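Just so it is clear, none of the values below were taken in a lab; they were calculated from the coordinates. Source: prediction; values computed, not measured. Reconstructed Cβ throughout: ideal geometry from the backbone, glycine too, with neighbour counts over all protein chains shown.
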Amino acid sequence: MGEEVRTRNDDQRTQRGLDSTDRTLISLLQHDGRASFTALAKAVGLSEGAVRQRVQRLLREDMMQIVAITSPANVDLDRQAMVGITVSGDPRDVADRLSSLPHVHSVVLCAGSFDLLAELTCRDDEHLLQVLGADIRSIPEVTGTELFVYLKRAKQDYTWGHLTN
């Protein structure tokens, strides 16, 4: 019975969205993903236990992720590119296949000249050609690709949106 009540409350909270405390916690963790629950608790005026529960709920409900982000060049992945992809049929099927490839790090369905955009991170140009030819262009529904090789990344920021005022 207690499990049913908890599930019902969790569903109501998810439907409501994020409250201001959730937004503040996410914002703080975007700036320092290693912040302690004690430091977070002081910042939002809650107990450490309450903050721990909120952070665990945000993680469990996929409202956020806490991950280590590397600089690709520092881990011998020197070639990055975006590939625009046109497909025949349902692009969601191709997006699912692309999403399973280890060197494809982002896949979006989009409007415009391309059905999909996929971001690739590879060791070098030869590896990029291999991923493009053997992994992406070999998908039967892929009818065309256009490659945009990154020369220099001017900005990479994971603090999407302003969650707090």
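Sticking with the crude label model, points 7 Å out along Cα→Cβ, report the distance from C110 to E48 in nm, one decimal please.
In this crude spin-label approximation the distance works out to 4.6 nm.
What distance in nm separates the two pseudo spin-label positions at Y150 and T21, each 7 Å out from Cα along the beta-carbon direction?
Rounded to a tenth, the inter-label distance reads 3.7 nm.
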